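The values are calculated or read from the model by the stated rules, or taken from the named source; none is laboratory data. Predicted model, so just to flag it, every value in this text is computed and none were measured. Note that each Cβ is placed from the backbone with ideal geometry, even for glycine, and that neighbours are counted across all protein chains shown.
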Amino acid sequence: MKTILTGIRSNSEITLGNYLGALLPMVRLANTHSDEYNINIFVPDLHSIISEVDGNLHQNTIRSLKYYLASGLVLNKNVHFYRQSYVPAHSELCWILDCVATMGETSRMIQYKEKSKGQDSCNVGIFNYPILMAADILLYDAIYVPIGEDQFQHIELTRNLATRFNNKFGDIFTIPAKTSDQVKFMGEEEGVRVRDLINPEKKMSKSTLAENSKIMMNDSPERAKKKIMSATTDSLGRIKFDMWRQPGVSNLMLIESLIQDEPLQDVISSWSGETRYGELKKKVAESVASLLTDFQSKLEQISDDEILNLLEEGESYANKVANSKLLEVQKVFGLR
Ligand code: TYM
């Protein structure tokens, strides 16, 4: 059985961008495909430590797994929860893939360029980040990886590494689907990039300091509504989906379509010819507020013990699968 796999770092609370770009698509796919695929949901806690972490990483990890249940994930025997650092094969395969990847291709990663920009010295983990991500994916024969558009370049790198490896050593890795096919599988027209509410040219990001730029999933519904109502739009006075010329208005329609699970084209058509931005904002503010109300009340009902039990089963499964793939890889190098 092939695998659908995703991970969200647990450094802090997540944004509406994380939720709509990765978490909700994973839950929707899991709920419709867990008969035919393994559904691997893990916390990349080793990826978290590329930036400064406080002493709460362990607890935040448990909390971030609760998000999936709070978003309606239906559990069954094919759904597996685990933590990256509890499956040592991830780090081991990362090192081996380091010896397959080139400096040139890894240096081209946009996330690395952005995160290292302006820093006098940047830690090696930031550079190595996509190789560990490739290991996360390749250990489990993952074919679909629900992620936001900002991570697509890392999937392409994973595909390149796996193809190079297989050409040299035989068919050991499953090559994840092309990002264009991943998007289709998820029923989207293109990769999801939820924009910053104040500067809609940029993506909504946890690390942005301006609070009104982002909706956090623990914002009170009232606060979130205010943020949507004060989102930047434009002075063109027509509601049209055009990410280049009207990114603010387009972002609001995108958020609405993702929350309501309604095709973007339908949302665009329903606002076509309208001119009142305030009305659109009110509609989206209501959708966001009711999403947060529901999510937060479900979150409070999930206990740590429930997650710890799932982790026990999931980590035993993950270690078995990952160690067996790792052994195949070690053998071709003569390490075993
Ligand atoms: P992280 O925690 O930085 O982001 C988690 C997910 O949220 C998506 N995302 C967005 N999607 C749409 N609009 C936005 N504004 C937005 N902001 C963030 C990201 O694309 C991501 O899918 N590298 C991964 C973690 C990871 C991983 C993996 C994922 C490590 N190994 C293996 C899948 C498979 C990341 O970006 O985490």
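I'd like to check something: does the stretch 270-283 contain any residue that is under 28 Å from Glu114 (Cβ atoms), surrounded by 14 or more Cβ atoms within 10 Å (Cβ to Cβ) and not assigned by TED's automatic domain parsing to the domain that holds Met26? Checked the stretch 270-283: no residue is under 28 Å from Glu114 (Cβ atoms), surrounded by 14 or more Cβ atoms within 10 Å (Cβ to Cβ) and not assigned by TED's automatic domain parsing to the domain that holds Met26. In this structure, Leu69 does satisfy being modelled with pLDDT of 95 or more and under 17 Å from the mean Cα position of the chain (by Cα).
Applying the set (1) within 12 Å of the ligand (Cβ to nearest atom); (2) touching a helix residue (DSSP H, G or I) at 6+ places or on another chain (Cβ under 9 Å); (3) among the hydroxyl-bearing types (Ser, Thr, Tyr) to Ser220 leaves exactly one unmet item: (1).
Tell me which of these Ile268 doesn't satisfy, since it passes every other one: (1) closer than 15 Å to Glu13 by Cβ; (2) of a type outside the set (Lys, Arg); (3) without any contact (Cβ under 8 Å) to a residue 40 or more places away in the chain; (4) not in a loop (DSSP other than H, G, I, E, B). Failing condition for Ile268: (1).
Can you find a residue that is outside any helix (DSSP H, G or I), more than 10 Å from the ligand (Cβ to nearest atom) and at positive phi anywhere in the stretch 123-135? Looking for residues that are outside any helix (DSSP H, G or I), more than 10 Å from the ligand (Cβ to nearest atom) and at positive phi, one finds none in the stretch 123-135, hence no.
Note on the stretch 126-146: residues that are touching a Leu at 6+ places or on another chain (Cβ under 8 Å) and either at pLDDT below 95 or among the aromatic types (Phe, Trp, Tyr) (or both) total 2.
Anything in the stretch 107-122 that is at negative phi, loosely packed, with under 15 Cβ neighbours inside 10 Å and not polar (S, T, N, Q)? List them, or say none. Correct list: Arg108, Ile110, Lys113, Glu114, Lys117, Asp120, Cys122. Screening Glu190, Glu149 for residues that are surrounded by fewer than 16 Cβ atoms within 10 Å (Cβ to Cβ), of a type in the set (D, E, K, R) and over 17 Å from Ile4 (Cβ atoms) leaves exactly one candidate, Glu190. Search the stretch 156-167 for residues being more than 9 Å from the ligand (Cβ to nearest atom) and without any contact (Cβ under 8 Å) to a residue 60 or more places away in the chain, and hand back the single one that is surrounded by the fewest Cβ atoms within 10 Å (Cβ to Cβ). Looking at residues that are more than 9 Å from the ligand (Cβ to nearest atom) and without any contact (Cβ under 8 Å) to a residue 60 or more places away in the chain, I get Asn167. Taken together, the criteria place Tyr68 among residues that are within 21 Å of Ile215 (Cβ to Cβ) and free of Cβ contacts under 8 Å to residues at least 60 places away in the same chain.
Filtering Ser297, Ser324, Ser269 for residues that are among the hydroxyl-bearing types (Ser, Thr, Tyr) and either closer than 26 Å to Lys203 by Cβ or at pLDDT below 95 (or both) leaves a single hit, Ser269. Among the residues of the stretch 148-178, those that are touching a Gly at 6+ places or on another chain (Cβ under 8 Å) and farther than 18 Å from Thr106 by Cβ comprise Gly148, Glu149. When Leu73 is tested against (1) of a type in the set (A, V, I, L, M); (2) touching a residue at least 60 places away in the same chain (Cβ under 8 Å); (3) farther than 22 Å from Leu138 by Cα, exactly one condition is not met: (2). If you check Glu201 against the conditions, is it within 14 Å of the ligand (Cβ to nearest atom), in contact (Cβ under 8 Å) with a residue 12 or more places away in the chain and outside the structural domain of Leu65 (by TED's automatic domain parsing)? Taking the combined requirement at face value, the residue satisfies it. A single member of Gln153, Gln119, Gln111 is touching a His at 6+ places or on another chain (Cβ under 9 Å) and either of a type in the set (S, T, N, Q) or away from the ligand (no atom under 14 Å from the Cβ) (or both), and it is Gln111.
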